[in-house]
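The values are calculated or read from the model by the stated rules, or taken from the named source; none is laboratory data. On a predicted model such as this, the values are computed, not experimentally measured, just so you know. Positions of Cβ are generated from backbone atoms using ideal geometry, with glycine treated the same way; all protein chains shown enter the neighbour counts.
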Amino acid sequence: GGYWNFSGRLFESDTGFEQGLEGREITVLLDGSDVETITTEEGGLFSLSHRVQYSLDRGSHNFTFLFQGEFLYLPAESQMEVFALSDVVIEMQPITNTIVRGDSSPSRSIMLQGLIREVGGDSEIFDNLSMSLAWGETELPMASGPWGNPDTMNFQIRAKAQEFMTPGDNMVTIIVESNQASFLNGGSKEIEILVMVEVDFEYSEIELSDGQRIIRGSVNATARDTGAPLEGLSLSASLANGSVTHFSVSKLTGADGVFEYEFKSMAPLPPLSSQSPPPEGWGVLAVLLMSESDFIEPGSLALLPSSGIQIAYEKPEEASFLDRAAVAIVAIVVGAILVAMGAMAINTRRKSTIKELANIFGQTVEMLASGDEYRRAIFLCYENLCSVLTRRGFLRRNFETVREFEMAIRGALPISEASLVSLDRIFEEARYSSHVLGDAHRDNAQLALSSVVDEIEEIQDIPKRGPLEFEMEE
């Protein structure tokens, strides 16, 4: 595939002037066979670039440059020895063994087999050539010579995957040195190999207290051959109850070789500590650890707990009968005291609250009677009612709908439904009507509010609110 390059000159040799012969034909022969004809240029100069054919044998060859002669000039020739070198190609067989870093046993070492064939010529296969194996700029020591099977003409390279090689895909290079005696150039071939690593796992224990909604844990992965943290290892953790997986998380270990996971159960879902069957709880949970990384040595995966990391649930403390009885008595006494105190507080606030509600409606009636603007008087009444109802706990702060206000009024005042409906209509008319409100509307409002005031004065107690329910979240 390369070229032989020649240059020369045809000139008179029997005079001291050495005059060049221009325009003469020179026949070129390779190993006695005519291959080209060239013509001399000014001064008798000539040049030739001849391609080395792939079919040409390696080794020594002869070029002859022949001038046939002419009138007044005798024939002349010149010979030159040249050499043809052959490139080589490295042909590989598939890699079938598992390569484990740091393991020098034959079944876990780097095992490369193939043959070396010349390019062109007779495509001859060679053996006993000088070879080496490299990882980047570093040469990897071979366990034995590559030509241990001379009858097969195949080389076999076996080398330990060194501890400095990275887990996963690696590129190694087979290098064949040139051999001048056989007229062979050197060659190389890059080969991708998968280097596995034996991994040791250390995982945290998990304790779950009553009412707990979050589970956190971690896994430390270290390379067994070096003891160094293993970065970039794909791990996944699943929170499962038997064969049912509730949550799952997957990611890579960091530079410290740590994989952290977290599971949460937020309200309205039950806490993770609830061992009741779904949907009331989660059952008895365990954390399953898995990995789909292609560079973990298969035996290392067997070190992960097959049934998962068992969770230690908090056990309720068992109290003695006397302890339980004492607690019950204390609870009864405290409850009785609280009830008595609550009754006293309610009785104290009863009269002032009834009076406050009656005053709001009474003031509104007076404002309407004195000629105040109708809508303004009703709006002021509405705002004062909202303030009292909120303070008493009948109406939540920042309520959003009229329906909430109506329900609060009905819960706070056990007056007749007719009076409540009249009150609703007054507020709705003042808030939403677009027509002019005249004296007839004012009279109706005064009558309805006066009726409400009369009924409030007959109330003996303000109804008690039911216990408020809160949903606790972590």
ask   = Quick one: would you say GLU205 is at pLDDT below 95, surrounded by fewer than 19 Cβ atoms within 10 Å (Cβ to Cβ) and of a type in the set (Asp, Glu)?
value = yes
Single residue of ILE38, ILE26 found to be surrounded by 12 or more Cβ atoms within 10 Å (Cβ to Cβ), without any contact (Cβ under 8 Å) to a residue 24 or more places away in the chain and in contact with a strand residue (DSSP E or B) (Cβ under 6 Å, 6 or more places away or on another chain) = ILE38
request  = Write out, first by first residue and then by second, each pair whose Cβ atoms fall under 6 Å of each other, whose residues are 6+ apart or on separate chains, and whose first residue, in the stretch 125-144, is free of Cβ contacts under 8 Å to residues at least 60 places away in the same chain and over 14 Å from GLU190 (Cβ atoms) while the second is among the hydroxyl-bearing types (Ser, Thr, Tyr) and in a strand (DSSP E or B).
outcome  = GLU139/SER132
query = Of all the strands (runs of 3 or more DSSP E) wholly in the stretch 179-231, which have at least 3 residues that are more than 19 Å from SER250 (Cα to Cα) and either among the aliphatic types (A, V, I, L, M) or free of Cβ contacts under 8 Å to residues at least 24 places away in the same chain (or both)?
reply = 187-196
remark   = When every residue in the stretch 268-286 that is more than 22 Å from SER307 (Cβ to Cβ) and under 29 Å from the mean Cα position of the chain (by Cα) is compared, the one surrounded by the fewest Cβ atoms within 10 Å (Cβ to Cβ) is PRO268
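Being free of Cβ contacts under 8 Å to residues at least 60 places away in the same chain, buried (at least 16 other Cβ atoms within 10 Å of the Cβ), among the small types (Gly, Ala, Ser) and over 19 Å from LEU303 (Cβ atoms) narrows it down to one of SER243, SER265, SER234, SER248, so name that one.
SER265
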key: Filtered residues of the stretch 41-61 (kept if without any contact (Cβ under 8 Å) to a residue 60 or more places away in the chain, surrounded by 13 or more Cβ atoms within 10 Å (Cβ to Cβ) and either in contact with a Pro (Cβ under 7 Å, 6 or more places away or on another chain) or acidic (Asp, Glu) (or both))   = GLU41
query = Identify, please: which residue in the stretch 406-418 is part of a helix (DSSP H, G or I) and surrounded by fewer than 18 Cβ atoms within 10 Å (Cβ to Cβ) and is, among those, nearest to the chain's Cα centre (by Cα)?
reply = MET407
query = Can you name every residue in the stretch 413-451 that is among the hydroxyl-bearing types (Ser, Thr, Tyr) and either more than 21 Å from GLY362 (Cβ to Cβ) or without any contact (Cβ under 8 Å) to a residue 40 or more places away in the chain (or both)?
reply = SER416, SER419, SER422, TYR432, SER433, SER434, SER451
